[in-house]
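Single-structure report; data block below.
The values are calculated or read from the model by the stated rules, or taken from the named source; none is laboratory data. Everything numeric in this text was worked out from a predicted model, so none of it was measured. Note that each Cβ is placed from the backbone with ideal geometry, even for glycine, and that neighbours are counted across all protein chains shown.
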Amino acid sequence: MPHSLLSQSQALNLFLKPQTPLFDPSSSTSWSSSAIKSLRSFFFNLVVLVCNQISSILLLQPRGPRLQSNLFDPSSSTSILQGCNSFNLGENLSEMSNNASVPTSASNTPIAIDDDESPLETNSDPSLLPITSRHTSAVWSDFKRKRVGDVIKAECNHCSKLLAGGSKAGTTHLKDHIKICPKRVCQDLRQTRMFGTKKNLNDKNDTMTLAPYEFHQEDGRRDLAEMIILHEYPISMVEHIGFRKYSKTLQPGFKVPSRNTTRKDIMKRYELEKENVATLLRKAKGKIALTTDMWTADNQRKGYMAVTSHFIDNTWKLQSRIIRFLYVPAPHTAEVLADALKESIQSWNLDLRLSSITVDNCSTNDAMMEILKGVFPYGSLLLRGDFFHMRCCAHILNLIVQDGLSAVVSNGVQRIRDSVVFWTASDKRVQRFEQVAKQITPECSRKLALDCKTRWNSTYEMLSIATSYKEVFVVLSARNNLYKNPPTPEDWEKVEKICEHLEVFSKTTLSFSGTNYPTANLYFPKICALRIAISGWLLSPHDYVRKMADIMLQKYNKYWASVNGLMGVATILDPRYKMALIRFYFAKIFDEHDFEIEVRRISDLLRRLVDEYGSKMGKTQGSSNQQDFDLGSSSKSNEETFMQEFAEFLQQDKDSSHDISDLDKYLDAANVPLVQDFDILNWWKTNGGTYPILQQIARDILSIPVSTVASESAFSTSGRVLNPYRSRLLPEAVEALMCTQNWIWAASKNCGEFKDDEYAKLVGELEEGFETCDIDSGTSGLCTE
C-alpha cells in the first residue's frame, strides 16, 4: 500500500482488518516480509491519525498564550497528552473501531467560519460579527462590527454611533470619528502627556495627570519663529548642535528647520500679523495719530525710520503699533524723509484718517512737515491742519534745560563729565574710586554714570550721583597726579543748587518718557507746574539761578503756544477738570489781560472742533435727506415740496442748536470727583452717548501722543536686533523682526496672557537702552535748535 496520507477511517480499517497475517506459520524464527510491511504501514498510519487529532485540537483552540498552556497541561481536556492517551492500543481500539464510520473534528469535512478566517472573539448578540485577523487596524479596539439589515456597520464602543463597516469602507472615517468622539476617554499613552497641577498654592507636591496631546510639526515651527522674534535670538541658532540636541530631547518627533526655512517662517508670521494689524486699524472708528523718528545703526551705517500709529479701538483702549521700520537711504534731507513717510502712510491707507504727526524739534523735521502738509487734503485734517504738526514735549524740555545749563554751568558740567570719564576708564581706576568711596561716603552705593549730551535727564543723573561723591573727587585729586582737571568748589556749589531746581524737570521728563503712554490730558498740569516753577526761580538770590531761569523761560514761551493748545483741549475733555483747571493755572501764570486771551483761545479751539465735527455729521444727514427728496419730488405738488424742505430746514436747525447745547450742557454739568486713577477713556465710553459729538472729538484728541518716545523706544530694540552677529540682515528682515515683535507683544497684552505689570516690565526692558542712552546701539536722529 502506498505511503500516502490517509483519513482516520481508512487507517482504522487497515489496522482492524489487515490483508496479510502478522506471522508466517511456516517460519518460527523470523517475520515475514508481508508482516513487516503491514506493521510499518500500521505505525505510519497511527502517526498520521495522531497528527490529524492534534490539528483538530489546534483549530478549535483560541489563539494566544492560552493555547500553549492547554496543549501541555495534563488537566486540560484538549491537551496533546490527553489526545495521545486516547489512542492506547489496549483499551480504545474497539471504541475507535465502533466509531470508525463517524467523522471526527479532524475529518475532511470543512469547518464553516465567517470571512474565511478563524474568529478572534465571540458574542452572544447574533447581530454582532467577530473581529477577524483581517481587521489589523488599531482603530477596531474602539469599534464593534454589527450587521444592521443587509449591511455591516461599525458601532463605536463609546457613543454607540453607527458608521460604515463593510470590507470596502476602510478605516479613515473611523479614525476621524475617534478624534472627535465626545464620550471617548484617551487611553492611548502615545497621545497623552503628563501635566503637573497643584490643588492650592501652598501645596508643594504636584499632582501628575494624563491629558490628551497630539504633536504637530507646523506648531513647533511657528513657536520657534515666534521665540526668535520676541527675544531677538539669531536665526542661525537653529543650526547650532546644542539647540538641535536640546530640541530632540524635548520632542524627538520635532524636526528642527534650517536657517532659510526659519527665515521664511518669520516672514510668514510677519505677513499674518500685518493683516491682523490692518484689520484692527480698519475697524477703528476714530482717526490715527503717528509718531516718527530717525536712527542710524552703527553696525550697518544705515538710517532707519520708525513710524508708530496711535489710536483708540472700539473698546476704548489706547493702542500703539509700529507700522513701519523702513530703511531710508542717505542723504536724510527733508524731501527724502517726506517721501519715505508719505510712502509709509499710503502703504497702510491712512491718508484720510490722519489726526497728527508728532516729531522731535529739528529744522529738518519742520521742513518735512511743511511738505507733507501740502500732500494730504486739508478737509481730512483736524482744523485744516492746526494739529497736524505736533512737537515732542520731551524734546522741548530737553532744549529748555540744555540751554539753561549751557549758559550757567557749562564749564563746571564739563569738568564733572571729564572726572567721571577719568575714573571709569579702567577697572583699576573704578576699583580705586570704590575703595576710597567706602571709607569717605559709606552710605552711597550708586555707581558713576556718564551722560548722553543730547539727553538732559541723563546729565541730571550724572550730576546728582557725582555731587554725592564730591569729597571723594577732592581726595583722589591729591593722590593721583594724572587726575589734573577736577571740579572746583564753585562748580560743586552751583551744580548742587541747580540739581535741586531741576528735580521737577526730571520727574516731568520721566512721566513723558513712560512706558504706558498716557493720554494728553494728564500733561497739562505738569507743564503748567513747570512754568510756575521757572517763574519762581526768577526771585532766587543767586545770580546764576536767575540767569538760568530767564533763558529757560524764553525757550518755554517759544514752544508754549504749539503745546498747550492740544493739552488744553484734552484737559477740557477731562470731566474732572473741564474749564476750571484751565482758569486755575492760567490765573497763576498770566496777568488779567493775558489770562482772558489764553482762556478764550483754548475754549475757541474746542468750539471750532465741535463746529467742524458737527458740520460733517450734519452734511452726511443732509445729503441723505436730499436724495430721498429728489426720488419722490416728481410725484408731489409744489406745496408738498416746500413743506418737505421746511421740515428738513427745521431738522438741520435743531441739529445745529443741539450740537452747541451738547458742549454747553457738558460744561455746565458738575465735575467728576477728583480721583488719582481716573479712567477717562472708560468715562467717555460710558457717558459719550449723551454728548455724541464730544465723544468723537475725545476719541481723536486723546489718542494724540505728546512725545516721540513710542518711536524712539524701538531704537533700543533695533540696537539688539542689529547686533554685530546680525549685521548682515537685509532691511526687509529688520523691518519684519521689529514690527512683528511689537505686534506680538501688544496682542499678548490685549489677550491677557500676562498682567499689566508684567507687560510694563517687558516693555521697560525693551526701552532700557533708550532711557539710559545706550550709545553702542546706535545714534538717534536727535537735533537741537
Hits in the stretch 284-302 - residues which are modelled with pLDDT under 90, out of contact with any Phe, Trp or Tyr (no Cβ under 7 Å at 6 or more places or on another chain) and more than 18 Å from Met369 (Cβ to Cβ) | Thr296, Asp298, Asn299, Gln300, Arg301
Which one is modelled with the highest pLDDT among residues in the stretch 168-193 that are part of a helix (DSSP H, G or I) and loosely packed, with under 12 Cβ neighbours inside 10 Å?
-> Thr172
Of the conditions (1) without any contact (Cβ under 8 Å) to a residue 12 or more places away in the chain; (2) of a type outside the set (A, V, I, L, M, F, W, C); (3) touching a Phe, Trp or Tyr at 6+ places or on another chain (Cβ under 6 Å), the single one that Glu596 does not satisfy is (3)
Scan of the stretch 371-415 for residues that are of a type outside the set (A, V, I, L, M), part of a helix (DSSP H, G or I) and in contact (Cβ under 8 Å) with a residue 24 or more places away in the chain, ordered by number = Ser380, Cys393, His395, Asn398, Gln402, Asp403, Gly404, Asn411, Gly412, Arg415
Can you name the residue in the stretch 331-383 that is over 34 Å from the mean Cα position of the chain (by Cα) and of a type in the set (Gly, Ala, Ser) and, of all such residues, is modelled with the lowest pLDDT?
-> Gly379
Using the structure shown, decide if Gly165 is closer than 14 Å to Leu129 by Cα and surrounded by 11 or more Cβ atoms within 10 Å (Cβ to Cβ).
-> yes
Name the single residue, out of those in the stretch 404-414 being surrounded by fewer than 19 Cβ atoms within 10 Å (Cβ to Cβ) and closer than 14 Å to Asp491 by Cβ, that is farthest from the chain's Cα centre (by Cα).
-> Asn411
Hey, Pro234 hits all of (1) closer than 29 Å to Leu730 by Cβ; (2) modelled with pLDDT under 95; (3) touching an Asp or Glu at 6+ places or on another chain (Cβ under 9 Å); (4) surrounded by 14 or more Cβ atoms within 10 Å (Cβ to Cβ) but one; which does it fall short on?
-> (3)
The listed residue being at negative phi, among the β-branched types (Val, Ile, Thr), outside any helix (DSSP H, G or I) and at pLDDT 90 or above, out of Ile704, Ile697, Ile693 | Ile704
Check Lys373 against each of (1) touching a helix residue (DSSP H, G or I) at 6+ places or on another chain (Cβ under 8 Å); (2) in the same structural domain as Arg531 (by TED's automatic domain parsing); (3) charged (D, E, K, R) and name the one condition it does not meet.
-> (2)
Residues in the stretch 661-673 that are among the aliphatic types (A, V, I, L, M) and modelled with pLDDT under 90 total 1
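The rows are residues; the columns are (1) assigned by TED's automatic domain parsing to the domain that holds His310; (2) within 43 Å of the chain's Cα centre (by Cα); (3) modelled with pLDDT under 85; (4) assigned to a helix (DSSP H, G or I).
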{"site": "Glu490", "(1), (2), (3), (4)": "no, no, no, yes"}
{"site": "Glu493", "(1), (2), (3), (4)": "no, no, no, yes"}
{"site": "Leu510", "(1), (2), (3), (4)": "no, yes, yes, yes"}
{"site": "Thr515", "(1), (2), (3), (4)": "no, yes, yes, no"}
{"site": "Lys526", "(1), (2), (3), (4)": "no, yes, no, yes"}
{"site": "Ala529", "(1), (2), (3), (4)": "no, yes, no, yes"}
{"site": "Ala533", "(1), (2), (3), (4)": "no, no, no, yes"}
{"site": "Gly536", "(1), (2), (3), (4)": "no, no, no, yes"}
Is it true that Gly253 is modelled with pLDDT of 90 or more and of a type in the set (Gly, Ala, Ser)?
-> no
Looking at the stretch 347-359, which of the residues that are closer than 16 Å to Phe388 by Cβ and not aliphatic (A, V, I, L, M) is surrounded by the fewest Cβ atoms within 10 Å (Cβ to Cβ)?
-> Asp351
Sort out which residues of the stretch 417-473 are surrounded by 20 or more Cβ atoms within 10 Å (Cβ to Cβ), more than 22 Å from Ile400 (Cβ to Cβ) and among the hydroxyl-bearing types (Ser, Thr, Tyr), and write them in order of number.
-> Ser419, Tyr469
Please go through the stretch 560-593 and pick out each residue that is in contact (Cβ under 8 Å) with a residue 60 or more places away in the chain and either farther than 20 Å from Asp386 by Cα or in the same structural domain as Leu530 (by TED's automatic domain parsing) (or both).
-> Asp574, Pro575, Arg576, Tyr577, Lys578, Met579, Ala580, Tyr585, Lys588, Ile589
